[in-house]
1. Filtering the range 23-35 down to residues that are open to solvent by 60 Å² or more (accessible area, probe 1.4 Å) and under 16 Å from S82 (Cβ atoms), which residue is modelled with the highest pLDDT?
2. Which condition does G83 not pass, out of (1) open to solvent by less than 50 Å² (accessible area, probe 1.4 Å); (2) within 13 Å of the chain's Cα centre (by Cα), if it passes all the others?
3. Look through the range 65-84, keep the residues that are part of a helix (DSSP H, G or I) and not hydrophobic (A, V, I, L, M, F, W, C), and return whichever of them is modelled with the lowest pLDDT.
4. For the range 55-72, which residues satisfy the criterion of being farther than 11 Å from I104 by Cβ, within 10 Å of the chain's Cα centre (by Cα) and open to solvent by less than 50 Å² (accessible area, probe 1.4 Å)?
5. Can L42 be described as hydrophobic (A, V, I, L, M, F, W, C), at pLDDT below 90, over 15 Å from V15 (Cα atoms) and in a helix (DSSP H, G or I)?
Amino acid sequence: MTTPVPTRVPVLPVVAAGVAGQLADDLLFVFLPAFPGAAAILAIVLTAGAARLVTAKLHGAAVPRAGLAVGAVSAGVGLLLSGLGLVSIIVAGLTVLAGVGGAILGRPEVRPHRD
């Protein structure tokens, strides 16, 4: 019989990663207002990278859950800052997917860890 794998998600790193990804995106938009698409792409890439960092020491079901949480926080902050336009909602959806993808892609397996 195997022991259950903890699926807790670290709240503070998840919130910090999601907010940091969106704030960096907004700073780029302030300095390069002529390229709003670059800011959206940066938010997606930063969210994926933040999800990778937050989930580095996690294993099992906690990995995609933490990635989903990072993506959701980043998307929520992005929607609060930019409004509920159609493009903003699409970018928010892609940001959530990037959080999960950044957390799980490249891992040999995302299954319960067996000692």
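The values are calculated or read from the model by the stated rules, or taken from the named source; none is laboratory data. Values in this document were obtained by computation on a predicted structure and should not be read as measured data. Neighbour counts are summed over all protein chains in view; Cβ atoms, including those assigned to glycine, are modelled from backbone coordinates with ideal geometry. SASA here: full protein model, heavy atoms, side chains in, ligands and nucleic acids out. Shrake-Rupley method; radii C 1.70, N 1.55, O 1.52, S 1.80 Å.
1. To start, the set of residues in the range 23-35 that are open to solvent by 60 Å² or more (accessible area, probe 1.4 Å) comprises 23, 27, 29-35.
Filter again for under 16 Å from S82 (Cβ atoms), leaving 23, 27, 29-30, 32-33, 35.
Details: L23: 85, L27: 82, F29: 75, V30: 79, L32: 75, P33: 76, F35: 75.
Applying the filter and picking the extreme gives L23.
2. Here G83 clears every test but (2).
3. Our first condition is that a residue be part of a helix (DSSP H, G or I); within the range 65-84, this holds for 65-82.
So of that shortlist, the ones also not hydrophobic (A, V, I, L, M, F, W, C) come out as 65, 67, 71, 74, 76, 78, 82.
Numbers: R65: 91, G67: 94, G71: 95, S74: 94, G76: 94, G78: 90, S82: 84.
Top of the filtered list is S82.
4. A69, V70, G71
5. Here the answer is yes, as L42 does meet what is asked.
Yes/no matrix, rows are residues, columns are (1) open to solvent by less than 70 Å² (accessible area, probe 1.4 Å); (2) at pLDDT below 90; (3) part of a helix (DSSP H, G or I); (4) not hydroxyl-bearing (S, T, Y):
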residue: T7; (1), (2), (3), (4): yes, yes, no, no
residue: G21; (1), (2), (3), (4): yes, yes, yes, yes
residue: G37; (1), (2), (3), (4): yes, yes, yes, yes
residue: R52; (1), (2), (3), (4): no, no, yes, yes
